[in-house]
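The structure appears below as structure tokens.
The values are calculated or read from the model by the stated rules, or taken from the named source; none is laboratory data. This structure is a prediction, so every number in the text was calculated from the model and none was measured. Note: ideal-geometry Cβ built from the backbone for every residue, glycine included; neighbour counts use all protein chains shown. Remember, those area values only see protein heavy atoms, side chains included, never the ligands or the DNA or RNA. Shrake-Rupley method; radii C 1.70, N 1.55, O 1.52, S 1.80 Å.
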Amino acid sequence: MTGIHPPGGTLARRTLLKAGAGGLSLAALADLAACSNGGGSSSKSLKMLYFGEQAAATQLQNRLQPQIAKLDSSIKFEISAINGTDWNDFLAKVLTQIAAGTPPDIISVATEGLQLMASKELALPLDDYVTKDLPALKEYFADIHPALVESMMYQGHLWELPDSFNAGNMFYSTELFQRAGVVPPNESWTLQDFETAATKIAKFKGINAFGWVVRLWGSWTSFMYANNANLLEEGKYDGGDWLWNKAYAGDAAAAGRKGGWKWGAPTANSDATVEALNYMIELTKKGLSPSPDVGGGGTLQGLFASNRIGMSIGGGFWAGGLANAGMKNGSFDVTMFPKWKSQRHLFGAGGYAIFKSSKKKDLAWEVLKLLVKPDTFDLVFPGNVTTPGRKSLVTAARYAKTGPKHWSVFYDTLTKHPDTAPIPAPPYYNALATALNQRTTQAISSGNAKAALDGLQSDLEKAAGAS
């Protein structure tokens with residue numbers, strides 16, 4: 001899905017968003033966790049928390065143990081899985097565990113949870129480690145787009161080394177396009193081109209021209225970004241020069257980068273945001289899209305794989321997902337999200353954070369560096385279940401088995417559309433995601449985007465004030 005995690009798992013990256021853990025908010029749980037006296041794992045083990053199923057976590061643990069042993073042969077590497085419906089559910093369970101006095105050393109965290117972890121001082125800023133090891137890390141930074149690194153910064157500090165990401169591109173069924181006589185879209189196609197294609201595909205009985213689900217990543221929010229709108233005011237924290245001036249010296253793509261995304265006042269009922277959600281309502285009224293459910297990529301991938309959906313928003317994780325669902329290479333393809341007022345895309349990134357309470361911070365740092373090495377990627381993410389953060393790993397050979405033909409779109413989204421930005425994930429992400437789902441469902445059922453987004457504006461103002 002933020003793509004990205006769960007690493008090697010079978011869950012879609014962004015599935016159902018819901019409030020977590022017995023009615024306690026993530027903020028309340030984080031406060032409890034921050035007050036915990038837990039001190040990390042035992043002296044003989046290094047513990048990592050993983051978003052997914054325990055079977056997959058154990059398999060990953062076994063694949064990585066030989067590499068960990070090279071760092072410290074006396075340490076047993078333990079990966080504990082926490083299953084959840086999405087990142088806010090996962091984080092709620094993590095924080096409950098920490099508050100109970102059993103914190104890990106390392107945790108997999110995507111864009112959704114980064115600012116929560118950092119703002120509650122649960123994670124350790126990596127600035128000192130990165131500065132110390134910068135000569136060895138220059139190869140890594142040269143291979144990682146600065147947009148991904150900036151998305152892992154908060155208040156001037158770097159909290160994770162990104163290893164993966166997914167941008168909201170547009171997947172389409174080549175079979176349905178051919179049957180409908182629609183020319184495959186090029187990268188510069190427009191919203192009008194999208195609707196023209198959808199109209200032709202919708203003529204087939206039992207086929208939905210465009211399918212989407214209610215969530216933050218890759219939902220109607222992709223149309224919102226293309227309409228130059230957002231749920232929150234966009235800004236950037238000062239700082240970051242300690243990294244940009246050294247790791248990205250002379251890189252034009254790093255120009256203007258600062259200390260991380262600063263999400264400001266809610267703008268959920270701005271004219272452009274309302275216009276984007278209204279467009280989705282109109283697609284439903286025209287019969288081009290069904291009323292969406294709150295859910296995730298797994299549901300969509302199943303429908304897409306059975307050729308019941310012509311187009312849907314997906315990232316690199318869809319390549320593996322569709323292949324696993326039985327789609328043959330060539331039966332689907334991908335292109336950029338269509339241009340509206342702009343062709344701005346959204347993305348989510350993934351990586352690993354070190355817990356501030358860990359007593360093995362130095363070893364944990366060595367593991368983080370191991371996890372972003374090129375030869376580690378396929379140990380963590382077998383089968384194209386996310387997009388590599390390293391550009392050198394996004395190759396024709398990688399997608400030769402699964403497809404899609406235009407795999408280069410995944411990384412080109414960052415390089416060709418420099419205004420592409422992460423999803424809005426402030427420290428109160430949990431409340432934002434839950435409210436977004438509720439208000440989107442309200443808008444689709446009532447047909448009144450303005451009233452629903454006025455409600456969302458109020459929800460977010462309250463959440464921001466309480467965070």
For this session: Could you tell me whether Phe347 is assigned to a loop (DSSP other than H, G, I, E, B) and either farther than 24 Å from Phe304 by Cα or not acidic (Asp, Glu) (or both)?
Result: no
Exercise. Has the stretch 252-264 got any residue that is open to solvent by 10 Å² or more (accessible area, probe 1.4 Å), of a type outside the set (D, E, K, R), within 28 Å of Asn324 (Cβ to Cβ) and over 21 Å from the mean Cα position of the chain (by Cα)?
Worked result: no
Exercise. If you check Pro382, Pro418, Pro404, Pro388, which single one turns out to be surrounded by fewer than 19 Cβ atoms within 10 Å (Cβ to Cβ) and within 27 Å of Ser331 (Cβ to Cβ)?
Worked result: Pro382
For this session: From Ala92, Ala142, Ala55, Ala69, grab the single residue that is touching a Leu at 6+ places or on another chain (Cβ under 9 Å) and of a type in the set (A, V, I, L, M).
Result: Ala92
Exercise. Do we have Asp127 as at pLDDT 95 or above and closer than 25 Å to Gly250 by Cα here?
Worked result: yes
Exercise. Does the stretch 312-325 include one or more residues that are within 25 Å of Ser408 (Cβ to Cβ) and open to solvent by 40 Å² or more (accessible area, probe 1.4 Å)?
Worked result: yes
Seminar exercise, completed: So the strands (runs of 3 or more DSSP E) completely within the stretch 73-191 holding 2 or more residues that are at negative phi, among the β-branched types (Val, Ile, Thr) and crowded, with 24+ Cβ neighbours inside 10 Å are 106-110
Problem set entry | the stretch 311-342, subset more than 20 Å from Ala180 (Cα to Cα) and in a strand (DSSP E or B), residue modelled with the lowest pLDDT | Gly314
Exercise. Taking helices (runs of 4 or more DSSP H) that fall entirely within the stretch 392-467, which contain at least 3 residues that are modelled with pLDDT of 95 or more and of a type in the set (A, V, I, L, M, F, W, C)?
Worked result: 409-416, 429-446, 449-466
For this session: Please enumerate the residues belonging to the stretch 282-302 that are open to solvent by 50 Å² or more (accessible area, probe 1.4 Å) and in a helix (DSSP H, G or I).
Result: Glu282, Lys285, Thr299
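Run down Leu346, Leu363, Leu393, Leu370 and say which single residue is surrounded by fewer than 23 Cβ atoms within 10 Å (Cβ to Cβ) and in contact with a Pro (Cβ under 9 Å, 6 or more places away or on another chain).
When all the criteria are applied, what remains is Leu393.
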Seminar exercise, completed: Residue pairs qualifying under the 8 Å Cβ cut-off, at least six apart or on distinct chains, with the first in the stretch 186-208 being more than 14 Å from Leu283 (Cβ to Cβ) and the second being of a type in the set (Phe, Trp, Tyr) and in a loop (DSSP other than H, G, I, E, B), are Thr190/Trp340
Exercise. When the stretch 265-281 is examined, which residues are found to be polar (S, T, N, Q) and open to solvent by 10 Å² or more (accessible area, probe 1.4 Å)?
Worked result: Thr267, Asn269, Ser270, Asn278
Problem set entry | the stretch 215-243, subset open to solvent by 10 Å² or more (accessible area, probe 1.4 Å) and part of a helix (DSSP H, G or I), residue farthest from Gly256 (Cα to Cα) | Trp242
Exercise. For the subset of the stretch 197-214 comprising residues that are open to solvent by 10 Å² or more (accessible area, probe 1.4 Å) and assigned to a helix (DSSP H, G or I), which member is nearest to Ala180 (Cα to Cα)?
Worked result: Lys200
Problem set entry | Complete set of residues in the stretch 220-250 that are under 27 Å from Met170 (Cβ atoms) and aromatic (Phe, Trp, Tyr) | Trp220, Phe223, Tyr225
